[in-house]
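The block underneath contains the structure these notes are about, expressed in structure tokens.
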Amino acid sequence: MKFGKRYTEYVEKEGHLLKGCSCVEFKRHKKTLKHCVRQELLKAPPAGDPSSVACNGPIACPVCDGNFFPNLLKEISAVVGCFKSCAQQLLEFHLSPKFQRMLLRMRHNFGGDHDTMIHQGRNLVNYASMNAMAIRKILKKYDKVHCSIAGQAFKTRLQSMHAELLQSPWLIELTALYINLKDEKDGEKGENGLKVKKDGKNGESSACSGENLSSPEGLAHCSCECGDSKATLQSTLVDSQAFEADLTCSICLETLFDPVALGCGHLFCNTCACSAASIPTIQGVKSATKEAKCPLCRQPGVYLSAVFLTELNLMIRNRCMDYWDERLKKERVERVQQVKEHWENQMKMVLGM
């Protein structure tokens, strides 16, 4: 089945699962490109000029110019905002105490059992995956019709605006949430017979595989590996799209501890990120200045939109217990020292020393 038909069926049948959330209007954008001036020229070239079918560079198109990308950007912004909001609500619900959970259940109509939360997490992942694929195909078609790289440039612009759905830290959190819920439900040995065992300097090497789900279900073959070589989080999304996140901090070169995702999407330990911005850990990454840059991509202002990956931290704690406990002891010593230095400096300022 072609993607356009599958996407239409998804919007019609499953769009109601995320109330108030809009989707990319794939059919409308494809129709716009179908009536593009360039497309008409390719369909009906002048007689006696077969070379005119070849692509001779970009061409002006009154149908697409000025409106196509702004309209698409509005739709993408709405989808990204909805995905972020729904993911935040679900994650908040999972980590809340029982009483607060009851209030959230009444407010957001969440189900209370693990199966319901797993299903809601899958719906969100499918929502992001289907829209991301629709955006990719629309931009690819635009470049093909217009013989340009404007679609590719727009995709790069989305990445700089942190509007790329499959690079969102909320997708990492939802994947970690799925694994945590499966662990809570199945215990140390799940229904698939996979064990959580200790191995390697980072603590434990383990895998948690999701059910073999039929398309278009996301989070199939979901796994987390924390071993000697490299810590990774992997899952298979819609249409066998591979999603993988490196769980190794690029600063300390160890498995992430108290992980934080900067606005650019790069992951670091909270302490490492604060150290790179020259701020005490006790103040937090969001206390960094606007001029503070990502240690990897050197993009400024990314600290202010940082996201604390609580579910990911919980997953790493459960799967790398020895490493996590050892790292926690070191972090406590450093933070106590920072608090001591902070209050000493405050006292000196008060006393005029």
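When the criteria are applied in full, VAL307 meets the requirement of being open to solvent by 20 Å² or more (accessible area, probe 1.4 Å), under 15 Å from the mean Cα position of the chain (by Cα) and not small (Gly, Ala, Ser). Scanning the stretch 18-29 for residues that are modelled with pLDDT under 80 and open to solvent by less than 70 Å² (accessible area, probe 1.4 Å) returns a single hit, LEU18. When the residues of the stretch 236-275 are narrowed to those that are of a type in the set (Phe, Trp, Tyr) and outside any loop (DSSP other than H, G, I, E, B), which ends up modelled with the lowest pLDDT? Per the criteria, the residue is PHE243.
If you go through the stretch 137-157 and keep only what is open to solvent by 50 Å² or more (accessible area, probe 1.4 Å) and part of a helix (DSSP H, G or I), you end up with LYS137, LYS140, LYS141, LYS144, GLN152, ALA153, LYS155, THR156, ARG157.
Within the stretch 280-294, take every residue that is in a loop (DSSP other than H, G, I, E, B) and closer than 22 Å to GLU173 by Cα and give me the one that is modelled with the lowest pLDDT.
Among residues in the stretch 280-294 that are in a loop (DSSP other than H, G, I, E, B) and closer than 22 Å to GLU173 by Cα, the one modelled with the lowest pLDDT is GLY284.
Of the residues making up the stretch 33-53, those that are open to solvent by 60 Å² or more (accessible area, probe 1.4 Å) and either assigned to a helix (DSSP H, G or I) or modelled with pLDDT of 60 or more (or both) are LYS34, HIS35, GLU40, LEU41, LYS43, PRO50, SER51, VAL53. Looking across the stretch 54-101, the residues that are modelled with pLDDT of 65 or more and among the β-branched types (Val, Ile, Thr) come down to ILE76, VAL79, VAL80.
The values are calculated or read from the model by the stated rules, or taken from the named source; none is laboratory data. Since this is a predicted model, take the numbers as computed values, not measurements. Surface areas here come from the heavy atoms of the whole protein model, side chains and all, with no ligands, DNA or RNA. Shrake-Rupley method; radii C 1.70, N 1.55, O 1.52, S 1.80 Å.
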